[in-house]
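Structure, as structure tokens:
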Amino acid sequence: MLAWILLAIIVVASVVPPGLRPGTPLPHAIEHAAIFFVTGVFFGFGYADRLSLLLCGAIVVCAGIEALQLLVPGRHARLIDFVVDATAMSAGLLISLFSEPPARQPPVT
């Protein structure tokens with residue numbers, strides 16, 4: 001569930017006009033790498049049995065997000081953003097293979 005929320009945040013932050021885009025004091029590439037890496041890790045934990053599909057999907061999603069920005073006035077698609085985003089998400093997916101997923105709490109009844 002958290003993976004999908006993070007992906008939704010990425011999409012929204014990517015397609016809003018530049019003045020509404022949230023930012024941090026971090027360099028642009030670090031912001032991109034961090035959020036896409038974390039999203040990849042959570043998708044990897046949630047769908048560990050579908051890693052090859054996730055890796056392909058990560059590339060398609062990152063390309064789609066960059067392409068969507070072409071439709072937003074004041075935004076632009078950049079190849080370097082695509083490369084950083086796809087690499088970071090793929091790295092997050094691969095790292096999740098070698099990590100223990102967070103312990104799941106039993107449902108409260």
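Quick note: the coordinates plus some simple rules give every number you see, no bench work behind them. Since the structure is predicted, the reported quantities are computational estimates derived from the model, not experimental observations. All Cβ positions, glycine included, derive from the backbone under ideal geometry; neighbour counts span all protein chains shown.
See the values below:
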{"item": "Residue count for segment 9-46, restricted to those that are closer than 20 Å to Pro73 by Cα and of a type outside the set (Lys, Arg)", "result": "15"}
{"item": "Top-ranked residue in segment 65-75 [being exposed (fewer than 14 other Cβ atoms within 10 Å of the Cβ) and of a type in the set (A, V, I, L, M); ranked as nearest to Ala86 (Cα to Cα)]", "result": "Ala67"}
{"item": "Near pairs, Cβ below 7 angstrom, 6+ apart or cross-chain, from segment 9-34 (within 15 Å of Ile80 (Cα to Cα) and in contact (Cβ under 8 Å) with a residue 40 or more places away in the chain) to any residue that is in a helix (DSSP H, G or I) and of a type in the set (A, V, I, L, M)", "result": "Ser14/Ile65; Ser14/Leu68; Ala29/Val84; His32/Val84; His32/Ala88; Ala33/Val84; Ala33/Ala88"}
{"item": "Among the residues listed as Arg50, Arg75, the single one being over 17 Å from Ile5 (Cβ atoms) and part of a helix (DSSP H, G or I)", "result": "Arg50"}
{"item": "Some residue of segment 53-64 being surrounded by 11 or more Cβ atoms within 10 Å (Cβ to Cβ), assigned to a helix (DSSP H, G or I) and touching a residue at least 60 places away in the same chain (Cβ under 8 Å)", "result": "no"}
{"item": "Boolean, Val16 is among the β-branched types (Val, Ile, Thr) and surrounded by 14 or more Cβ atoms within 10 Å (Cβ to Cβ)", "result": "yes"}
{"item": "Test for Ala86: is it touching a Cys at 6+ places or on another chain (Cβ under 6 Å) and among the small types (Gly, Ala, Ser)", "result": "yes"}
{"item": "Some residue of segment 76-96 being in contact (Cβ under 8 Å) with a residue 60 or more places away in the chain and either among the charged types (D, E, K, R) or surrounded by 15 or more Cβ atoms within 10 Å (Cβ to Cβ) (or both)", "result": "no"}
